[in-house]
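Enquirer: The structure that follows is given in the form of structure tokens.
Derivation of every value follows stated rules applied to the coordinates shown; laboratory data play no part. From a predicted model like this one, the values you see are computed outputs, not experimental measurements. Because the Cβ atoms are built from the backbone with ideal geometry, glycine has one as well, and the counts that use them run over all protein chains shown.
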Number of protein chains: 2
Amino acid sequence: MSRIDRRIGLLLIASTTMTLACAHGPTVRVADPAEVRAAIEAANVQFASAMLRGDAPAVGSFFTEDGECIYAGMKEFIVGRPAVEAFFVSLFKRVSFVEATITTSAVHVEGDLAFETGTNKLTRKAGEAAPSTGTARYLVIWKRSADGRWRIRVDAVVPNPAG
Amino acid sequence: MSRIDRRIGLLLIASTTMTLACAHGPTVRVADPAEVRAAIEAANVQFASAMLRGDAPAVGSFFTEDGECIYAGMKEFIVGRPAVEAFFVSLFKRVSFVEATITTSAVHVEGDLAFETGTNKLTRKAGEAAPSTGTARYLVIWKRSADGRWRIRVDAVVPNPAG
């Protein structure tokens, strides 16, 4: 290989590296939409399972450190994983969930962000009262963490009218 | 300039072009977060103004063609700009808005997507009844259209409890 070709070769390598670094951040991570949707649906199954167990730390682990919830029945944004976990600790003291189904409608990926729309069905039980079932539609922002795992950045849940 | 330097120069130009095309899509669009937030806040002012005028086509124009709403008081997702516009046509037949304030809490940009959290305050009037005021928290997905304008891809609004 001539000296010229070596110099050009090095530039081509540099060019390729810049391109990959630019498209995908410091490390190359491929965002196959079907794979992202599968990862999110799998997380939702585990999230629902944690709800049924009343396991607040497990629920909290699905959120990013700066994760937020926009839930009905309150006026505040719940901001940060510790606050999210505290919310679920308090919730699970008052009610237990005997049914939790989360159904993805659609997932759209843009870089390290994705947004998901879907519906949920939750049946809760407080003390000796009869269980009550509610349904809702949701919009969730997912963010890919440095470890490659998709976590919830914002969880906004709009309750459906009863009946 | 030597022939070698010219070849290397061309490669460097190609490399830079690839990098820009890769980061920002077919055309180079700079996503300054402060500018995106300003554009979104300006759109919100105009959106609120269209609500006060009861101008459903104007409200609809803030949505992408595939825009969706997740609103309380119904069980359905409103999907597509025509459906969004039809919803507001129907809403404005029943109520008029005498106050509409949309307040951005935060905006995060990722490529051609951005998400915004915030609060709103709407005062509506139906016929001769006294006006009623409601507040809500929202999560909005914004998408940059080919014309450079940011439009609403998903509008999810979680009503606050009264009082």
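Enquirer: Write down, largest first, the equivalent ellipsoid semi-axes of the range B:124-163 in whole Å, where each equals the square root of 5 times an eigenvalue of the alpha-carbon gyration tensor.
Expert: 31, 15, 6
Enquirer: Can you list the lysines whose alpha carbon sits under 17 Å from that of B:Lys75, skipping same-chain ones fewer than 8 residues off?
Expert: Correct list for B:Lys75: A:Lys121.
Enquirer: Let me understand the range A:31-159 better: what is its radius of gyration from the alpha carbons, and its Dmax, in angstrom?
Expert: Over the range A:31-159's Cα set, Rg and Dmax evaluate to 14.2, 47 Å.
Enquirer: Once the label point is placed 7 Å from Cα along Cβ, list for A:Thr133 the distances to the corresponding points in the other copies, in nm, shortest first.
Expert: 4.0
Enquirer: Shortest first, in nm, what separates the label point of A:Ala162 from those of the same position in the other copies (7 Å along Cα→Cβ)?
Expert: The projected label point of A:Ala162 is separated from its counterparts by 1.5 nm.
Enquirer: Shortest first and in nm to one decimal, what separations exist between B:Glu65 and its copies in the other chains, measuring from label points 7 Å along the Cα-to-beta-carbon line?
Expert: 4.1
Enquirer: Under the definition of partner shielding as Cβ atoms of other protein chains within 10 Å of a residue Cβ, what is the mean value for peptide B:67-77?
Expert: Rounded to a whole number, the mean comes out at 5.
Enquirer: Distance from the Cα centre of the range A:51-123 to that of the range B:45-76, in angstrom?
Expert: Between the Cα centre of the range A:51-123 and that of the range B:45-76, the gap is 27 Å.
Enquirer: Suppose each label sits 7 Å from its Cα in the direction of the beta carbon; what would the B:Arg53-A:Glu76 distance come out to in nanometres?
Expert: For the pair B:Arg53/A:Glu76, the computed spacing is 4.0 nm.
Enquirer: Which ordering of A:Met51, B:Met74 is given by a fewest-first count of other beta-carbon atoms within 10 Å?
Expert: B:Met74, A:Met51
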